[in-house]
Amino acid sequence: MSDHDELAEQRRKNLKLIHFSKEDQTITESEKPKETFADVGGLEEVKKKISMNFILPLKQPEVFAAYGKQAGGSLLLFGPPGCGKTFLARAVAGEIDANFFHIELQSILSMYAGQSEHNLHDIFKKARESKPCVIFIDEIDALGGSRHQMRQHHDRMLVNQLLLELDGLQAENENVFVIGATNTPWYLDSALRRPGRFNHLVFVPPPEVAERQTILELKLSGMPLGSLNLSKIAAETKHYSGADLEQVVKDAVETAMERTFEKGEIQPITQEDLKKSAKGRKATTLEWFATAKNYATFSDVNRDYQIVLDYIKKHGVRA
Ligand SMILES: Nc1ncnc2c1ncn2[C@@H]1O[C@H](COP(=O)(O)OP(=O)(O)OP(=O)(O)O)[C@@H](O)[C@H]1O
Ligand SMILES: [Mg+2]
């Protein structure tokens, strides 16, 4: 399996929070995510934004009421692949004692034609009946991603349904929170970006050096470890995504396990194992930055992506 397939497969495994049964077209919910913000390395700015928008309004509604603000609303997370958008959304669910509805558009779209809108409506209906709740629409880019005529027609209907649902929430949105996630916000139907819908963009950047160290620590915790200098590995993995780092750890674990089988007793993961596996992987975020830069430079009339250009400049991304 290629890295990409592996990641996609892993994602699929992780993300079946809502499961669609093809036979009866019903939606069943599975367990609540157990990740919390403590499991997400770094991303302090993003966590703060999510806290202000989603978590505090639920924990301290009186503060928001005092300022005449209603708890509820939407955010659109965007950024390079593997940097924690989906992970974060799951952590939001773990962080608050709210119902969490995970909508994977890809799986809604792959259902029978004409059923997609129906499914979407059902989820939103159920969500509205289960307040407080977080509705997470992952991989929103699945909409309009196909050039196929038929698909386009269905996508269009699904976009329209999504617009209807989001506007419906505006009327009775108290304690309903919507998080969208995408790699390619510039492809989103502009109607989805209007005020009251996904007009609030939040950039989820690759981890910085200290965050990379935290992620490595998180992924290695509970394993047999030799004496490690993780700050060194973190320094050598510039631009690596969280998912890239996870892969680095997995490779190192594999090496240590092989050694264990050879020697017949548990072998710790060494600095050399990590160093070697880090060298064997590449940062997968750079390609994204190249594309994003293109959009930010040539088609960003609202200057939505200035933050990406600033990031590229500040971090010396060669995109
Ligand atoms: N900040 C982080 N802290 C801890 N783990 C992380 C972090 N970022 C990413 N990861 C790890 O990388 C994996 C992939 O992250 P995730 O699926 O959330 O990325 P994504 O931004 O949703 O990517 P995509 O755009 O491809 O959907 C996660 O399962 C998690 O283990
Ligand atoms: Mg994701």
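The values are calculated or read from the model by the stated rules, or taken from the named source; none is laboratory data. Note that the coordinates shown come from a computational prediction; the quantities given were computed from them, not determined experimentally. Using ideal geometry, Cβ is built from the backbone for each residue, glycine included, and neighbour counts are taken over all protein chains shown. Surface areas here come from the heavy atoms of the whole protein model, side chains and all, with no ligands, DNA or RNA. Shrake-Rupley method; radii C 1.70, N 1.55, O 1.52, S 1.80 Å.
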Practice problem: Considering only region 42-65, state which residues are farther than 19 Å from Phe198 by Cβ and within 16 Å of ligand 2 (Cβ to nearest atom). | Solution: Leu43
Self-check item: Failed item in (1) open to solvent by 50 Å² or more (accessible area, probe 1.4 Å); (2) in contact with a helix residue (DSSP H, G or I) (Cβ under 8 Å, 6 or more places away or on another chain); (3) more than 20 Å from Leu43 (Cα to Cα); (4) not assigned by TED's automatic domain parsing to the domain that holds Phe87, with Glu262 passing the rest
Solution: (2)
Quiz item: How many residues does region 66-87 hold that are at pLDDT 85 or above, more than 10 Å from ligand 1 (Cβ to nearest atom) and either open to solvent by 80 Å² or more (accessible area, probe 1.4 Å) or of a type outside the set (Ser, Thr, Tyr) (or both)?
Solution: 4
Exercise. Looking only at region 202-238, count how many residues are assigned to a loop (DSSP other than H, G, I, E, B) and in contact with a Leu (Cβ under 6 Å, 6 or more places away or on another chain).
Key: 1
Practice problem: Return yes or no: is Arg212 open to solvent by less than 20 Å² (accessible area, probe 1.4 Å) and of a type in the set (Lys, Arg)? | Solution: yes
Quiz item: Given the conditions (1) within 16 Å of ligand 1 (Cβ to nearest atom); (2) closer than 30 Å to Ser221 by Cα; (3) at pLDDT below 85, and given that Ala38 satisfies all but one, which numbered condition is not satisfied?
Solution: (3)
Quiz prompt | Members of region 219-253 that are open to solvent by 60 Å² or more (accessible area, probe 1.4 Å), more than 25 Å from the chain's Cα centre (by Cα) and among the hydrophobic types (A, V, I, L, M, F, W, C) | solution = Met223, Leu225
